[in-house]
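The values are calculated or read from the model by the stated rules, or taken from the named source; none is laboratory data. This is a predicted model, so every value here is computed, not measured. A quick note on method: Cβ atoms are made from the backbone with ideal geometry, for glycine too, and the neighbour counts reach across all protein chains shown.
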Amino acid sequence: MAKSTSDAKKTETKPAEKPKDLKPMLATLVDKAFDEEGWIYEVKWDGYRAIAYVDNGTVELRSRNNNPFNEKFYPIYQAFKQWKVDAILDGEIAVINEKGIADFSDLQGWRSEADGELVFYAFDLLWLDGKNLMDEPLSTRRELLEQLVPADGIIKVSRTFNEKGTDFFAAAEKMGLEGIIAKKADSKYHPDLRSKDWLKIKTELHQELIIGGYTKNENTSRKFSALLLGIFDEGVFKFVCPVGTGFSAKLQSEILEKLKPLILEECPFNVVPDYNKPSRFRPNPPKASVTWVQPELVVEISYRELTKDGAIRQPSFRGLREDKNAREVTRERPAGTSKLVEDAGSLHEKQVISRPGKKERKTLLNPAEESQVRNINGYDVKFSNLSKIFWPEEGVSKRDMLNYYYQVAPYILPYLKERPQTMNRFPNGIHGKSFYQKDVKGKVPEWLATFEYYSETDKRLKEFPVANDEASLLYLVSLGCIEINPWSSRCASPDNPDWCIIDLDPDKNPFEEVIATACITKDVLDSAGITSFCKTSGSTGLHIYIPLEAKYTYEDSKEFGRVIAKLVHRELPEFTSIERLTQKRKGKLYIDFLQNRPQATVAGPYSLRPRSGATVSMPLDWEEIRSGLTIKDYTIFNALDKIKEQGDIFKGVLGTGIDLPKAKSALEKLL
């Protein structure tokens, strides 16, 4: 949330009507850095310019041409919605890579928080609490901006530097930044004006151009060979250059899809370009066909040199600029720095940019698109029907479920890897028809691991799915597997479980009795020096795990569990039972040790459950197993917060196993 402005520097600015459709002030390109008093410097962030209109929770995030960015960059929009101020901010939307550098190609492909760290770098404040600040000096606006923006979060203040411009530029160039911005400290803000009070100096040459067509060479496997680019000059569309490098196959497909509705019969350039002329590098170029398109789609290229006659040398595609209007694109020729400045020590890398902190997983799927394809572990996984509601009472959608599993994947996968999975599918949510699926032979992608196993029940070979990685996990979840049910054993040793489970399964018992039973179980195990871990089932009971390290058989584990169950039942005979048949339990809590048999499963740690409340099977510290605990304490809404705070407190289950014969013998002496 934005900081309070009650202590902000007072200004004499008079109240005014709040602007609605501002176009940002622009900087003039110059050819080199300079050192001059009265100027401040900023990083030139390689992203999309954006204006944020904030009014006490109501937000409009727009591009420089007033196109909406609310849905496209939804985390920034949601962050601004928390601000309880009336303000207009100017800034840049960027995706920051692991080096702390804005990466325009990552921004181009950004669809959700899984695609990179999205940031809004605020560098100017135009309006605050009913006052127009645009006639105030930049230094005043910046001071108010720094008081307004929180220290942490996705919205950040773009730092300014009172350094020598030449030193700052050298540091930016060394670090691979796009360039720097120089601004007069006393400059006013002039919307929709390219001002000489703001100057930009680039470390490499860039130019925005407009697609007028594309070529495809004979016998090529590429979608197209080159884009034919031009620019409007006094209303006339003129050819500038082709660009044939900088594309991935996926990007080429996306560009062609956007160009499809723009295809023309005739050339849109004022003169048909010689798009296939020989050069000294290619004296005999292959034959090429051409497709003309209406000049609407703007791209950005980088290039090595601009010749004296204006020709661009060695252009390379950088990305689409859907935030730019084709008619507003102009040729950027660097002006002489010295003349513009007249008219109008060593710098460490860490002073220029802030390194990103430990990266936390956020969402995989964005909130707008109903069907999305994401590349996970090198595989394209399609997710559809994302708005389908799976928990109607809570309004939790399939999209929410998939985003949860993406975020929890690093924690849940250690309990799933190399373990066959019994699928319990709820394709229409928790109130829809569900069904078990244990055989996926020929029904899943080839990259998804499976485990062939002979079923004594069905007297045939089956292939169980195995969730070895995120792609596999999310693919299974997308089929409606709300809960994840791994075997206790791994594919390499299917008859040797990694843990013994005591499942405390209440009938009509109050949950306080489940808690009491778990505590007695812990006491029994502690008496014999047996390590144990507990989690909520996410449904009605508690699960107690004892690590075995795959050193014993399922039969060994089951009989060990039987001894534990007998001892606990002896302590609590009034409300517990070890009877397998439901009618014999007489409504008592069942101490179930029969889960310790081949192919039997319970919901894994951190698994969601198909129950009201969107509950999670949550590992707990034994100290948390006390009066007042409820199953609904941990849900899709808060589970990740607990996990991030405590880490994986269940991981001991996968550690050193107990000496089962010794432990069983110690317990049997208590019978």
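Tabulated data
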| quantity | calculated |
| --- | --- |
| Restricting region 287-329 to residues that are surrounded by 18 or more Cβ atoms within 10 Å (Cβ to Cβ) and acidic (D, E), the residue that is modelled with the lowest pLDDT | D323 |
| Unique match (being buried (at least 19 other Cβ atoms within 10 Å of the Cβ), aromatic (F, W, Y), touching a helix residue (DSSP H, G or I) at 6+ places or on another chain (Cβ under 7 Å) and not assigned by TED's automatic domain parsing to the domain that holds M134) among F224, F239 | F224 |
| Qualifying residue in region 273-281 (condition: in contact with a Lys or Arg (Cβ under 8 Å, 6 or more places away or on another chain), at pLDDT below 90 and buried (at least 17 other Cβ atoms within 10 Å of the Cβ)) | yes |
| One residue from E332, E370 being assigned to a loop (DSSP other than H, G, I, E, B), at pLDDT 70 or above and farther than 30 Å from P445 by Cβ | E332 |
| Residue selected from region 594-620 under the condition among the aliphatic types (A, V, I, L, M) and assigned to a loop (DSSP other than H, G, I, E, B), by the criterion surrounded by the fewest Cβ atoms within 10 Å (Cβ to Cβ) | L594 |
| Any chance N377 is at pLDDT below 95 and among the polar types (S, T, N, Q) | yes |
| Matching residues, region 2-27, being at pLDDT 70 or above and touching a Pro at 6+ places or on another chain (Cβ under 9 Å) | A2, P19, L22, K23, P24, M25 |
| In region 516-532, the residues that are surrounded by fewer than 21 Cβ atoms within 10 Å (Cβ to Cβ) and either within 12 Å of G652 (Cα to Cα) or in contact with a strand residue (DSSP E or B) (Cβ under 7 Å, 6 or more places away or on another chain) (or both) | T531 |
| Residue that is farthest from Y189 (Cα to Cα), among those in region 26-48 that are in a loop (DSSP other than H, G, I, E, B) and touching a Lys or Arg at 6+ places or on another chain (Cβ under 8 Å) | D35 |
| Complete set of residues in region 631-655 that are within 26 Å of P497 (Cβ to Cβ), assigned to a loop (DSSP other than H, G, I, E, B) and touching a strand residue (DSSP E or B) at 6+ places or on another chain (Cβ under 7 Å) | Y634, I649, F650, G655 |
| Among (1) among the hydroxyl-bearing types (S, T, Y); (2) at pLDDT below 95; (3) farther than 29 Å from E322 by Cβ - the single one T203 does not satisfy | (3) |
| Tally, over region 227-236, of residues that are loosely packed, with under 15 Cβ neighbours inside 10 Å and assigned to a strand (DSSP E or B) | 2 |
| Subset of region 572-593 that is assigned to a loop (DSSP other than H, G, I, E, B) and among the hydrophobic types (A, V, I, L, M, F, W, C) - its residue that is surrounded by the fewest Cβ atoms within 10 Å (Cβ to Cβ) | L581 |
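Yes or no, residue by residue, for (1) in contact with a His (Cβ under 9 Å, 6 or more places away or on another chain); (2) in a strand (DSSP E or B); (3) surrounded by fewer than 18 Cβ atoms within 10 Å (Cβ to Cβ):
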residue	(1), (2), (3)
N424	no, yes, no
K433	no, no, yes
Y436	no, yes, yes
K443	no, no, yes
L448	no, no, no
Y454	no, yes, yes
T457	no, no, yes
P465	no, yes, no
A471	no, no, no
